[in-house]
Every structure is written in structure tokens, then in C-alpha cells.
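The values are calculated or read from the model by the stated rules, or taken from the named source; none is laboratory data. None of the values given here were measured: they were computed from a predicted structure. Glycine gets a Cβ as well: all are built from the backbone with ideal geometry, and neighbour counts include every protein chain shown.
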Amino acid sequence: MRSLPWAVGERPEPRPRVVMITAHGSERTAVEAMKAGAWDYFAKPFEVDELVAVVRRAAEAGRLRAENERLASELHLSRSLVFASEAMSRVARLVRRVGPRDVTVLITGESGTGKERVAEAIVEASRRSDRPFVRFNCASLNPELAEAELFGHGRGAFTGAHRARPGLFREADGGTILLDEVGELDLSVQARLLRVLQDGEVRPVGADRPVRVDVRVLAATHRDLLRMVAEGKFREDLYYRLAVVTLHVPPLRERPEDVAVLTRHFLRKHAERFGLDRLDVPPGLVERLQAMPWPGNVRELENAVEMLVALSEDGRIDAGHLVGGAGPAPVLGLKERVDAFERGLVAEALRAARGNRSQAARLLGISRVTLYEKLKKHGLG
């Protein structure tokens, strides 16, 4: 008996429940039908009312499965994306749709908008969610080192290659790789990347033979890649390989409704990070944050909230640390920045030591006396 058809290796799309009806049935036939994917089995003759009841149960099971998949998808999204705006709701709907489908996705948007969080949401919604998720910043290395980092290299392949490395694509085999700032890749590396996307193979630097890999590619950039194509700075064929689906993450100024929910999220996150049981947030703080332009988008907003929490005293947020009202983004002097950084280090050491102050002092490389002074200075008890 043939199995119910769908492509080999492909995650099956929601499909109708199949009820098999036959006049030549046997127990063996029933077992084979169920193994092949039939939802239920009937041998003639049968009662019509009984068949109708089975069909109704099958339809309800299908509805419940679809609802469970939708709720699971929304749970995955909530782990990575925090939003209240319709603009981000549209992005979330596209993430839900494209996540389970094994296609290459290009994520665009200004710096700090949350492109990496969108990539994480896609991975969480994919059939590769339990497989490796590898990230690479394409702007972090020169072309030779970027090529070796992505595709691997043999021992002695270049100066300093004292041992062989598999490369990030092989580390991500079976899973997903995020190429962040993909517009920064050198043209020579772009050509190698194109071959990987076309052939599903990587050739380590200095190797004689390619190695097959099964990797889903996500790419992110704040650049206009089509303009770069027109200027000869980005390969057109690579662009269309990467942009099978394009998701654009809007800047924070176009979705001010998200500032409030993001602020609450970051307040909780950094209160926990700094070991604060409660926060006293002054009235009007959220409105003041909403009035700011945030050219650095979500990343800049989080930095500002982190600073406010780090500089709080006994959990009391002082909005006076924000400079500029609806004008420039928050600005801190050197002393305030150093104090905020130091408070974070002390709080993290205490948490890592589970409140043991002697252990926290050792982690920080300072004496117990110095630790007590810093705890008093920063209101950490």
C-alpha cells in the first residue's frame, strides 16, 4: 500500500483527514491504511450516522491541530519579538507563514530595529528549531578570514592556520545560519556564498573536494542591496538567491506604540539582571520616552532603559538621567556611564555567586571590604 503523498524530506502542510472505506477489508488492510496515514477505517456495510460522526470528529481534530500550531507559533514569536503596533504585527504574520517553510529569507531594516530578533523568531517557528543556529557578522573580518570562518580551512591553508577548522556552514549543518550585515561581504566571498546556495556544498580553503551541507540561510542588512547591485558592489545573482522572501523591519519612529511595551519589557529584564526586586517608575516616563526620536531604534531604547535601571537607587528610577526631552537621545557623562557599568558588574557577580559576597568579591577580583563599599555606593544592599 502506498503512503499518502508529500515530498520526501519536506515538512507536510496541513492536509485533510482521510477515512478509508472498502468492501474488501481485513484487519491487515486496516493496519496498513492507518500506517499510511488514514485517520479512520470503515468496511462495508456501515451505518451512515456512524460515518457522519467520524467525519465530524476528524474535522474537529483538524481544527484543534491548526489552533495548536497557531498558538505554538505565537508562543515562539513572544520569546523573540515584543510589539503592540500593526506594523510589527504584519512582520509577525509573515514570520509565522515563512518560518516552517524552508526558504532563504532576507531581513532588512535600519540598525537597531531588531532584525536579529526576527531571525530568532523564524528559527523558532521552523522545523530546524532544535538544530544548530549559527550567527556570523559579515563586517567583522577581512575577506580572507571571513572566507575561512564561513567555509572552513585546512591546516596551513594560510598564514596562522595552525589547525584545520570546519567553518560555520558545517557547524550549522542541519540547522540555520544568520549572515548579519551581509551587504558588507567582499565580492570574492559573495561568489563563494553563491555557490553554497546553488549547490549545497562548501569547499574549505585549501581543500581539494567540496563537502555537502544542509543549511537554511537567513541574511540581514541595513543597506539597500538593490542600490549596491546597481553600483556593482553586490552580486545581482546572489541578491535574488538571498531575497526569496524579504521581511522589512520598520524603524521605531514608525511604530511609537511599541515604545511602551518595549520599555516595560526592558525594565523587567534589567531589574532581574541587576537583582532588583521592584522598580519605582516615575509618572510620565513612558510618554517622555515615546516623544524621543530614537535614531538607534530598539537597541538605543534598551540602552537608555538599562542605564536608568543601573543608576536607580533602591529601585527608584530617576528620569533626570534622560537628557533632551523630545530632542536628542539620552546622553550621559563619563562618570555616570562608569557608575552604570560598575553597578551592572557587581550585580551580575552577586547573582552568579547566589548572594555569597565572598565568592562575588573573588569573581570581581576585589577584596570583601571593597565589595561592601560598592554595594553601599550602588544601593545593592
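Annotations
- Filter pass, Arg278 being over 28 Å from Gly183 (Cβ atoms) and free of Cβ contacts under 8 Å to residues at least 60 places away in the same chain: yes
- Filter result (free of Cβ contacts under 8 Å to residues at least 60 places away in the same chain, in a strand (DSSP E or B) and within 20 Å of Pro143 (Cβ to Cβ)) within region 169-178: Ile177
- For region 129-144, a residue qualifies if it is surrounded by fewer than 22 Cβ atoms within 10 Å (Cβ to Cβ) and not in a strand (DSSP E or B), and the qualifying residues are Ser129, Asp130, Arg131, Pro132, Ala139, Ser140, Leu141, Asn142, Pro143, Glu144.
- Out of Arg127, Arg70, sole residue that is within 25 Å of Gly37 (Cα to Cα), modelled with pLDDT under 95 and touching an Asp or Glu at 6+ places or on another chain (Cβ under 8 Å): Arg127
- Some residue of region 154-163 being touching a strand residue (DSSP E or B) at 6+ places or on another chain (Cβ under 8 Å), surrounded by 18 or more Cβ atoms within 10 Å (Cβ to Cβ) and not small (Gly, Ala, Ser): no
- Hits in region 204-221 - residues which are out of contact with any Lys or Arg (no Cβ under 7 Å at 6 or more places or on another chain) and surrounded by fewer than 18 Cβ atoms within 10 Å (Cβ to Cβ): Gly206, Ala207, Asp208, Arg209, Arg212, Asp214
- Near pairs, Cβ below 9 angstrom, 6+ apart or cross-chain, from region 306-331 (closer than 22 Å to Leu380 by Cα) to any residue that is modelled with pLDDT of 85 or more and among the aromatic types (Phe, Trp, Tyr): Glu306/Phe266; Val309/Phe266
- Matching residues in region 338-363 - criterion: being surrounded by fewer than 19 Cβ atoms within 10 Å (Cβ to Cβ), over 19 Å from Glu272 (Cα atoms) and either in contact with a Leu (Cβ under 8 Å, 6 or more places away or on another chain) or of a type in the set (Lys, Arg) (or both): Arg362
- For region 179-210, the set of residues classified as in contact with a helix residue (DSSP H, G or I) (Cβ under 6 Å, 6 or more places away or on another chain) and of a type in the set (S, T, N, Q) consists of Ser188, Gln190, listed by residue number.
- Taken residue by residue, region 195-208 has no member that is modelled with pLDDT of 95 or more and of a type in the set (S, T, N, Q).
- Of all positions in region 107-124, none carries a residue that is within 15 Å of the chain's Cα centre (by Cα), in a loop (DSSP other than H, G, I, E, B) and either without any contact (Cβ under 8 Å) to a residue 12 or more places away in the chain or more than 20 Å from Leu252 (Cα to Cα) (or both).
- Those residues of region 32-52 which are exposed (fewer than 13 other Cβ atoms within 10 Å of the Cβ) and either touching a residue at least 12 places away in the same chain (Cβ under 8 Å) or closer than 14 Å to Val18 by Cα (or both), in sequence order: Lys35, Lys44, Phe46, Val52
- Taking the criterion of being closer than 20 Å to Ser85 by Cα and touching a residue at least 60 places away in the same chain (Cβ under 8 Å), the residues of region 227-255 that qualify are Thr246, Leu247, His248, Val249, Pro250, Pro251, Leu252, Glu254, Arg255.
- Set Leu187, Leu179, Leu197: member being within 24 Å of Gly232 (Cβ to Cβ), surrounded by fewer than 21 Cβ atoms within 10 Å (Cβ to Cβ) and in contact with a strand residue (DSSP E or B) (Cβ under 7 Å, 6 or more places away or on another chain): Leu197
- Scanning region 234-254 for residues that are over 13 Å from Asp224 (Cα atoms) and surrounded by fewer than 18 Cβ atoms within 10 Å (Cβ to Cβ) yields Asp237, Tyr240, Val244, Val245, Arg253, Glu254.
- Test for Ala191: is it within 21 Å of Arg131 (Cβ to Cβ), in the same structural domain as Cys138 (by TED's automatic domain parsing) and either not in a helix (DSSP H, G or I) or not β-branched (Val, Ile, Thr) (or both): no
- Counting the residues of region 83-109 that are surrounded by 19 or more Cβ atoms within 10 Å (Cβ to Cβ) and within 17 Å of Asn297 (Cα to Cα) gives 6.
- Residue in region 217-236 that is modelled with pLDDT under 95 and of a type in the set (Phe, Trp, Tyr) present: no
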